[in-house]
Amino acid sequence: MHPNPVFRKSTIEQNLQFARERGFGTLAVNGEAGPTLAHVPFWISPDGSYAEMHLVRSNPIIRGIEGAQKAVLATTGPDGYISPDWYEMDDQVPTWNYVAVHLRGELEVLPATELRGHLDRLSEVNEARLLPKVPWLTSKMPEDALAKMMRMITPCRLTIENVEGTWKLGQNKPEDARKSAAGFVKTYDHGQETTMLAALMTGVQED
């Protein structure tokens, strides 16, 4: 997380909602050979106390878990390069604006009996975003085919103990300079989801 407090004024609920809407992130744990990462879709409980995900059984994270293990689930959002010229100020340097949320806590493997419910919850929240499409359900699969696929994956739960967010949107710049840069971000499209990033930069309140 960026150390400047001006970029870290988002509330826990704002950060959780951002993570919910993304629904995909990087799970990181400490392994024998160093940090071990996995890229996973996830579902966050309504009260924000835990996140559910699943991993293939051969994943090193699954093989290395004994009981509960400290872990971080990192989610990133729109990001983009900022040229110093775009601020129309002489004393600026190149930088990168972005949004990121880290969920820290205890990761544990869940019993196989929890997997079907997890898959239903995960698919439900994502299928709901595709309306008016008729939602896909696990019940649409033949039971033997579903059972075979479920044997290949393992459900996990991250009990969330800490939520951190960085929303680096130029809050430390004058409003006119920030809005000027936002216009160039959208025009040059050097980054990811730069239209959204420009909108966030335009709407944010300066410190």
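Every read-out reported here was derived from the displayed coordinates using simple, explicitly stated rules and does not represent laboratory data. This structure is a prediction, so every number in the text was calculated from the model and none was measured. Heads up, the Cβs are rebuilt from the backbone with ideal geometry, glycines too, and the neighbour counts pull from every protein chain shown.
Scaling against 2.2 N^0.38 Å puts the C-alpha radius of gyration of the chain at 1.20. A DSSP coil position with no more than 15 other Cβ atoms inside 10 Å describes the following trypsin sites (Lys or Arg not before Pro) in segment 20-112: Arg57. Taking a Cβ cut-off of under 15 Å around Trp43, the surrounding Lys, Arg, Asp and Glu residues balance to a net charge of -1, with basic ones at +1 and acidic ones at -1.
Dividing the summed -39500 (n - 2.57) terms of all DSSP H runs of n ≥ 4 by the residue count of the chain sets its mean residue ellipticity at 222 nm at -8500 deg cm²/dmol. Annotation note: trypsin sites (Lys or Arg not before Pro) in segment 135-207 located in DSSP loop regions with a Cβ neighbour count of at most 16 within 10 Å are Arg151. Note on the chain: with a GNM built from Cα contacts shorter than 10 Å, the maximum mean-square fluctuation among Asp189, Asp79, Asp91 falls on Asp91.
May I ask for the net charge around Ala198, where only other residues with Cβ less than 11 Å from the Cβ of Ala198 are counted and Lys, Arg are +1 while Asp, Glu are -1? Numbers along the way, then the final one.
Details: positive: Arg178, Lys179, Lys186; negative: Asp189, Glu193.
Summing Lys/Arg as +1 and Asp/Glu as -1 gives +1.
Binning the C-alpha pair distances of segment 30-105 at 5 Å intervals from 0 yields a P(r) profile of 3, 11, 17, 18, 13, 10, 8, 8, 7, 4, 1 %, listed from the shortest bin outward.
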